[in-house]
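Working notes, structure below.
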Amino acid sequence: MLAAIMREVGEVNLDVCDDVEMLDLGPDDVAIKITHTGVCHSDVSAMNGTIPQAAPAVLGHEGAGIIEEVGSNVDDLAPGDHVIVMWSPPCGECLYCTGRHQPNLCVNITFGEMARMKFTQGGQEIGGMAGAGTFAEKMLMPRQGVVKIDDDIPLDVASLIGCGVMTGAGAALNTAKISPGSSALVIGAGGVGVAAIQGARIAGAAEIVAVDKNPAKLDEAISFGATHAVLPEDLEGAKNEITGGDGFDYALECVGVPALMRTAYDMTRRGGTCCIVGVGRMEEMVSFSAFELFYNEKTLVGSYYGGTDARSDFHRLLRLWKTGKLDLERMITRRITIDEINPALEAVRNGEVVRQVIEF
């Protein structure tokens, strides 16, 4: 089957091959025919080492498809079921899943069943990005790693829910908990940023300011619900105009750059909430003075997978889509084939797109 493989961390291109095979189905596995998968900035981050990912690996983690086969222990899923891939699934049994009610922070499946090899090529076993590997025509997932959806939901739309939309909209709705009538700042208007803008709109924010260094993204941000869209050099003026200089009630950083994380904190009013959504490198630091943390009483919070319980939140977002409150179709800038993956990755690096979806 076709698959796109990262051979070495640091390379800028993936190796598209047609001789990759899945490993054998385990008793708790499902085999999925991937029909659509989004090209996410996290795929670029895995390639450049921002997100730790051992090579070789089939990249891709934002996908949807149809189950072709289930393992002997799987009784809640069946061949023909339409599913969304969940790259960080909850086990359903640990303290994070039950007592703490933070299933997005469960790592039992992520570092357990999903950490094993999934593919093989010429006798060499190959992993999958974040335990997934949706840049392949077929793939294995543990039964906990998929969410079944209705058959009438287009799988191209469904694929976006698996990462970018859940991450961005979830950060606004679940993690930051944006309140009606508030002011919100979203730094970065890529796929996750656009989803965060839509989440802020759904939450009822009165003013939503989008910031991006690409002028072409500004009109796009407005079309998805931002009330204002500015270049970085105009952000201070927007803050003064909209908040009287106090700062925004909520600020969401959706890029993963330390300087922008610091900007998001500085743009948050005293007592407001700064939410870090973007993934930065482990060795990069963000500095705060001991006094300002005390004096400003700001809430500084990270958001992992949009603070989601994907088993219910995927369906919640799809209901918002069905009722016209969440625009997913227009987030798809380009539809491509797997053979076009390397130009697509370059477009992500250049900030040219909201989302590109590979169609198998």
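The values are calculated or read from the model by the stated rules, or taken from the named source; none is laboratory data. Note that the structure is a prediction, hence the values are computed from the model and not measured. Here the Cβ is made from the backbone with ideal geometry for all residues, glycine too, and neighbour counts use every protein chain on show.
So here's what we get for this one:
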read-out	value
Pair list, Cβ < 6 Å and 6+ apart or interchain, from region 70-87 residues that are touching a residue at least 24 places away in the same chain (Cβ under 8 Å) and within 25 Å of PRO154 (Cα to Cα) to residues that are in a loop (DSSP other than H, G, I, E, B) and small (Gly, Ala, Ser)	VAL85/ALA132; TRP87/ALA132
Any chance VAL157 is assigned by TED's automatic domain parsing to the domain that holds GLU68 and in a helix (DSSP H, G or I)	yes
Counted residues, region 96-146 - those being over 16 Å from GLU21 (Cα atoms), outside any helix (DSSP H, G or I) and either touching a helix residue (DSSP H, G or I) at 6+ places or on another chain (Cβ under 7 Å) or not assigned by TED's automatic domain parsing to the domain that holds VAL44 (or both)	5
Subset of region 315-333 that is touching a helix residue (DSSP H, G or I) at 6+ places or on another chain (Cβ under 7 Å) and among the charged types (D, E, K, R) - its residue that is surrounded by the fewest Cβ atoms within 10 Å (Cβ to Cβ)	GLU329
1 or more residues among the charged types (D, E, K, R) and within 22 Å of ARG143 (Cβ to Cβ): qualifying strands (runs of 3 or more DSSP E) within region 28-85	29-39, 63-70
Every residue from region 160-174 that is small (Gly, Ala, Ser) and either under 8 Å from ALA195 (Cα atoms) or part of a loop (DSSP other than H, G, I, E, B) (or both)	GLY164, GLY168, ALA169
Filter result for GLY351 (surrounded by fewer than 18 Cβ atoms within 10 Å (Cβ to Cβ), at pLDDT below 95 and under 22 Å from ALA171 (Cα atoms))	yes
Only listed residue being more than 18 Å from GLU329 (Cβ to Cβ), modelled with pLDDT under 95 and not β-branched (Val, Ile, Thr), chosen from ALA238, ALA216	ALA216
Filter pass, GLY256 being surrounded by fewer than 21 Cβ atoms within 10 Å (Cβ to Cβ) and on the phi > 0 side of the Ramachandran plot	no
Test for ALA238: is it among the small types (Gly, Ala, Ser) and under 30 Å from PRO90 (Cβ atoms)	no
Verdict on ALA132 being over 20 Å from THR175 (Cβ atoms) and either surrounded by fewer than 17 Cβ atoms within 10 Å (Cβ to Cβ) or without any contact (Cβ under 8 Å) to a residue 12 or more places away in the chain (or both)	no
Test result for LYS213, under 30 Å from GLY71 (Cβ atoms), surrounded by fewer than 24 Cβ atoms within 10 Å (Cβ to Cβ) and touching a residue at least 12 places away in the same chain (Cβ under 8 Å)	no
Elements of type helices (runs of 4 or more DSSP H) contained in region 215-332, each with 2 or more residues being more than 28 Å from HIS36 (Cβ to Cβ) and among the basic types (Lys, Arg)	none
Unique match (being assigned by TED's automatic domain parsing to the domain that holds LYS118 and either on the phi > 0 side of the Ramachandran plot or surrounded by fewer than 16 Cβ atoms within 10 Å (Cβ to Cβ) (or both)) among GLY26, GLY80	GLY80
Leading residue by the ranking (surrounded by the fewest Cβ atoms within 10 Å (Cβ to Cβ)) among those in region 1-15 that are among the hydrophobic types (A, V, I, L, M, F, W, C) and under 19 Å from ARG349 (Cα atoms)	VAL12
Filter result for HIS101 (surrounded by fewer than 24 Cβ atoms within 10 Å (Cβ to Cβ) and either modelled with pLDDT of 95 or more or over 20 Å from the mean Cα position of the chain (by Cα) (or both))	yes
Single unsatisfied condition, ALA229 versus (1) closer than 21 Å to THR299 by Cα; (2) surrounded by 20 or more Cβ atoms within 10 Å (Cβ to Cβ)	(1)
Inter-residue pairs, beta-carbon under 9 Å, first more than 14 Å from MET331 (Cβ to Cβ) and in contact (Cβ under 8 Å) with a residue 60 or more places away in the chain and in region 186-207, second polar (S, T, N, Q) and surrounded by fewer than 24 Cβ atoms within 10 Å (Cβ to Cβ), 6+ apart	ILE187/THR263
Some residue of region 59-82 being under 19 Å from the mean Cα position of the chain (by Cα), β-branched (Val, Ile, Thr) and under 23 Å from THR37 (Cβ atoms)	no
